[in-house]
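The values are calculated or read from the model by the stated rules, or taken from the named source; none is laboratory data. Since this is a predicted model, take the numbers as computed values, not measurements. All Cβ positions, even for glycine, are placed from backbone atoms using ideal geometry, and neighbour counts span all protein chains on display. Quick note on the areas: whole protein, heavy atoms, side chains included, nothing else; ligands and nucleic acids left out. Shrake-Rupley method; radii C 1.70, N 1.55, O 1.52, S 1.80 Å.
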Amino acid sequence: MHLSDVHLHAPAAGDSLCLSWFRFRRTAPPDTRSSSPPLDADGDPCVPRKQARRAAEAQPLGLRHAGATELHAVGLQLWRAALLLADHLLSPALADLLTGATVLDLGAGCGLTSIAAALGGARAVFCTDAHLPSLANAAHNASFNGVGRTVRVRRLEWGEGERSYQRGAMYANLVGRGVSDTARWADEPDGPFGWVDEDRRRLARCELVLAADCVYDDEATTALVQTIALLLPVLQADAVCLVALERRVNFCLEGMAPRAPAAEHFERELKAQEHLNARRVPPDSVPQRFEYSRERNLDLWHVTCTPPT
């Protein structure tokens, strides 16, 4: 069983789903480091109480999630890197990119990053995952937070296989690049989470791809990077992919030292894609809007595609 640190102190929910509330600010908290607090009649500084100020300024966002789950169902939980990416989506640095944009969220799980993108001004957000219970839960969370019309929940698998959307021809078709085999992706029997023709037209204008907490298994990580590498060249010329992950450190016999093997594998796979440009975004440069403990083991990546020569 696997349990996210985010829910470590929450009441045990067993196999059922429970609701947690996350406070967040639409605007960044004021920087009071350089300003002097007001003084009272005795000349003592009047420092505002942090908790009272937070309660007055913060807005609640409710997410339904599971307690401890097996590995195949971890998308029913919320993981810490998704909160960092949600902070980034609500930051001024992304306002121009996000406002009115079409967004594709890979491995969306509970749907927090899709909801944050919608709250940040995106015109349409495709919230995708391969796990059907996670998709149903993400759809519930989007509607619960008032962005059900903006967030379109769809099933999307990575990797090779009969039900895979990862092949280059599939993606080229999905964004309307003239590939003739149109039926394979459109007729996938995914019920309410299947793709329709309007999705293809909308994805042709996709400017932003997201992935949060998708790096924990080498095979899935390789498929994720290959998916990003296939997507960016056929989307808008200036499309951006943002990847947030947690470096999970273990003591490894190889090298006899603590390492983060999954994060290292992601970086190797990313560097192997010669047409991708990737750089780290320092988490400290992202204003924190959600209330959580932002650990130092979080990474945020900004990935773009090298223009063809």
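Considering every residue within the range 50-58, establish whether at least one is surrounded by fewer than 15 Cβ atoms within 10 Å (Cβ to Cβ) and either in a loop (DSSP other than H, G, I, E, B) or modelled with pLDDT of 90 or more (or both). Taking every residue of the range 50-58 in turn, none turns out to be surrounded by fewer than 15 Cβ atoms within 10 Å (Cβ to Cβ) and either in a loop (DSSP other than H, G, I, E, B) or modelled with pLDDT of 90 or more (or both). Taken over the range 67-93, the residue count meeting the criterion of being outside any helix (DSSP H, G or I), farther than 22 Å from SER134 by Cα and either open to solvent by 20 Å² or more (accessible area, probe 1.4 Å) or of a type in the set (A, V, I, L, M) (or both) is 1. Return yes when GLU207 is open to solvent by 30 Å² or more (accessible area, probe 1.4 Å), at pLDDT 90 or above and part of a helix (DSSP H, G or I) and no when it is not. Answer is no for this residue.
Here is a list: ARG289, ARG296, ARG247, ARG280. Which entry is under 21 Å from the mean Cα position of the chain (by Cα), under 28 Å from ARG26 (Cα atoms), of a type in the set (D, E, K, R) and surrounded by fewer than 10 Cβ atoms within 10 Å (Cβ to Cβ)?
ARG296
Residue check: is LEU230 at pLDDT 95 or above and among the hydrophobic types (A, V, I, L, M, F, W, C)? No: the conditions fail for LEU230. Scanning the range 94-108 for residues that are in contact (Cβ under 8 Å) with a residue 24 or more places away in the chain and open to solvent by 10 Å² or more (accessible area, probe 1.4 Å), we see that the one that is nearest to CYS214 (Cα to Cα) is GLY107.
Checking each residue in the range 233-244 for being under 13 Å from TRP301 (Cβ atoms) and either open to solvent by less than 10 Å² (accessible area, probe 1.4 Å) or among the polar types (S, T, N, Q) (or both) picks out CYS241, LEU242, VAL243, ALA244.
Counting the residues of the range 294-307 that are outside any strand (DSSP E or B), in contact (Cβ under 8 Å) with a residue 40 or more places away in the chain and not acidic (Asp, Glu) gives 3. Within the range 128-158, the set of residues being assigned to a loop (DSSP other than H, G, I, E, B) and small (Gly, Ala, Ser) comprises ALA130, GLY146, GLY148. List pairs: first residue in the range 1-18 and part of a loop (DSSP other than H, G, I, E, B) and modelled with pLDDT of 70 or more, second residue surrounded by fewer than 15 Cβ atoms within 10 Å (Cβ to Cβ) and acidic (Asp, Glu) anywhere in the structure, Cβ distance under 7 angstrom, at least six positions apart or on different chains. As it stands, the answer is MET1/GLU70, since those pairs meet every condition given. Quick test of your reading of the structure: SER143 fulfils all but one of (1) surrounded by fewer than 24 Cβ atoms within 10 Å (Cβ to Cβ); (2) under 18 Å from ARG205 (Cβ atoms). Name the failing condition by number. For SER143, the failing item is (2).
Of GLY146, GLY194, GLY168, GLY161, all but one fail to be on the phi > 0 side of the Ramachandran plot and at pLDDT below 95; the exception is GLY161. If the condition is being of a type in the set (A, V, I, L, M, F, W, C), closer than 22 Å to LEU210 by Cβ and open to solvent by less than 50 Å² (accessible area, probe 1.4 Å), then the range 256-277 contributes ALA260, ALA262, ALA263, PHE266, LEU270, LEU276. Cβ separations smaller than 7 Å between residues 6+ apart or across chains give the following pairs from the range 207-235 residues that are among the small types (Gly, Ala, Ser) to residues that are assigned to a helix (DSSP H, G or I): ALA211/LEU224; ALA212/ALA81; ALA212/ALA82; ALA212/LEU85; ALA212/THR113. Residues that are more than 18 Å from SER91 (Cα to Cα) and acidic (Asp, Glu) number at least 1 in the following strands (runs of 3 or more DSSP E) confined to the range 221-292: 240-246.
Scanning the range 127-140 for residues that are of a type outside the set (A, V, I, L, M, F, W, C) and open to solvent by 10 Å² or more (accessible area, probe 1.4 Å) yields ASP129, HIS131, PRO133, HIS140. Just one of the listed residues (ARG123, ARG201) is open to solvent by 10 Å² or more (accessible area, probe 1.4 Å) and modelled with pLDDT of 90 or more, namely ARG123.
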